[in-house]
Amino acid sequence: MSDEARQQAASSHDAPHYVAARVQQALAEDERTSELGVRVDVRGDDLYLRGQVECAERRARMTDVAGENAPGLKVHNEVTVMEVRGPGEEETL
Amino acid sequence: MKIRVAAVGDVHLGEDIRGRYREKLQGIEEHADVLLLAGDLTRHGTPAEGRIVAEEFGGLPVPVVTVLGNHDYHSDAEDEIGAMLDDAGIHVLRDDATVISLDDGTRLGVAGGKGFGGGFAGKCASEFGEPQMKSFVGHTREIAERWHKALKGLDDVDHRVVLSHYSPTKDTLAGEPLEIYPFLGSYLLAEAADAEGADLFLHGHAHHGTEKGVTPGGVRVRNVALPVLGRAYAVYCLGGEDPESC
Ligand SMILES: [Fe+2]
Ligand SMILES: [Fe+2]
């Protein structure tokens, strides 16, 4: 395989679609995160994470896992930490 | 004969938030008569996390009934976790039913289990082709068959609730990507409730979904996943025709 062809294969393998899929998979399967419901979007050199987690520590670990699986991309962790309120009003059924 | 049912799912407890949920359950007996948990109690399904769940939800002043979720199966320790919860006085449903009797004589029947996916009528997977596909859909069908039986057995109760991790309807998935609906629930679960009759169907799992929906047969569905509720638990009052009575 020529250098050019190899480069092309690597870059098509690293198309944004596949990077996003790889990061999403890692966030689900990595012991540090185990987060299934995260939206992952890649736009150019930027990677965005969106969703909700239970505490700030969990959010921080997502940045680490995403970064490791998307070398060269800037991770924007837009995940919010859930604010759990009291029980609130009941509903009569 | 009214009863106030508190419910929440997907609390995903772990070492990093140990003790925090317990605070939110202070005074629950003033708001509810029973607490139902819709699975995904842990993050990885390890026995260590199971112990945290037992500490957090054990010994409450109201009876607690739970099902497990997919996360609670992740470390192949679901039996061990189930046994820990049983020991902590938390009733774990395993595709069967239990009856809770209140002091005033009201009897609440709760039937269910984890549930599973497959999709929704007209747009669902079927038991055809590869063995992997057959076992995927077959798992849900077997679960639904057991729920039919469990609900049938609840013949002398005032109210019946189905408790599940997976969803019986698309209604409460609104907000989730359409592409993953088949992994979020199955219409077979709704069919069991519709055929045998129930007052309420509770589920979790769909963190981006919506709280309120209804099965094709008219059973009220509530997605009580914590990220959907945004509150420690929801309270549903059954049998309170007079809104003031609950
Ligand atoms: Fe969950
Ligand atoms: Fe789940």
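The values are calculated or read from the model by the stated rules, or taken from the named source; none is laboratory data. In this text the structure is predicted, and so the values were computed from the model without any measurement. Positions of Cβ are generated from backbone atoms using ideal geometry, with glycine treated the same way; all protein chains shown enter the neighbour counts. Please note that ligands, DNA and RNA were not included when accessible areas were found on the heavy atoms of the full protein model with its side chains. Shrake-Rupley method; radii C 1.70, N 1.55, O 1.52, S 1.80 Å.
Data for the structure
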item: Among (1) assigned to a helix (DSSP H, G or I); (2) within 14 Å of ligand 2 (Cβ to nearest atom), the one test that residue B:149 misses; result: (2)
item: Meets criteria (open to solvent by less than 20 Å² (accessible area, probe 1.4 Å) and at the interface with another protein chain (Cβ under 9 Å from one of its Cβ atoms)) for residue B:52; result: no
item: Filter result for residue B:22 (within 14 Å of another protein chain (Cβ to nearest Cβ), touching an Asp or Glu at 6+ places or on another chain (Cβ under 6 Å), within 22 Å of residue B:158 (Cβ to Cβ) and not in a loop (DSSP other than H, G, I, E, B)); result: no
item: Criterion violated by residue B:174 - all others in (1) away from chain A (no Cβ under 14 Å); (2) farther than 23 Å from residue A:79 by Cβ; (3) touching a residue at least 24 places away in the same chain (Cβ under 8 Å) satisfied; result: (2)
item: Qualifying residue in the range B:116-129 (condition: within 17 Å of residue B:165 (Cα to Cα) and touching a strand residue (DSSP E or B) at 6+ places or on another chain (Cβ under 6 Å)); result: yes
item: In the range B:32-47, the residues that are over 12 Å from residue B:232 (Cα atoms) and more than 16 Å from ligand 1 (Cβ to nearest atom); result: B:32, B:33, B:34, B:47
item: Any strands (runs of 3 or more DSSP E) falling wholly within the range B:55-120 and containing at least 1 residues that are within 14 Å of chain A (Cβ to nearest Cβ); result: B:107-113
item: Matching residues in the range B:25-45 - criterion: being surrounded by fewer than 19 Cβ atoms within 10 Å (Cβ to Cβ) and either more than 12 Å from every other protein chain (Cβ to nearest Cβ) or in a loop (DSSP other than H, G, I, E, B) (or both); result: B:26, B:27, B:44
item: Identity of the residue in the range A:26-48, within 14 Å of chain B (Cβ to nearest Cβ) and farther than 23 Å from residue B:9 by Cα, that ends up surrounded by the fewest Cβ atoms within 10 Å (Cβ to Cβ); result: A:41
item: Selection count where residues are within 16 Å of ligand 2 (Cβ to nearest atom), in a loop (DSSP other than H, G, I, E, B) and touching a strand residue (DSSP E or B) at 6+ places or on another chain (Cβ under 7 Å), scope the range A:15-61; result: 3
item: Total residues in the range A:53-79, condition open to solvent by 70 Å² or more (accessible area, probe 1.4 Å) and either over 22 Å from residue B:205 (Cβ atoms) or touching a Lys or Arg at 6+ places or on another chain (Cβ under 9 Å) (or both); result: 7
item: Residue count for the range B:187-216, restricted to those that are farther than 17 Å from residue B:116 by Cα and within 16 Å of ligand 1 (Cβ to nearest atom); result: 3
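Every residue, every condition in (1) polar (S, T, N, Q); (2) open to solvent by 10 Å² or more (accessible area, probe 1.4 Å); (3) outside any helix (DSSP H, G or I); (4) within 11 Å of another protein chain (Cβ to nearest Cβ), yes or no:
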position	(1), (2), (3), (4)
B:191	no, yes, no, no
B:210	yes, yes, yes, no
B:227	no, yes, no, yes
B:235	no, no, yes, yes
B:241	no, yes, yes, yes
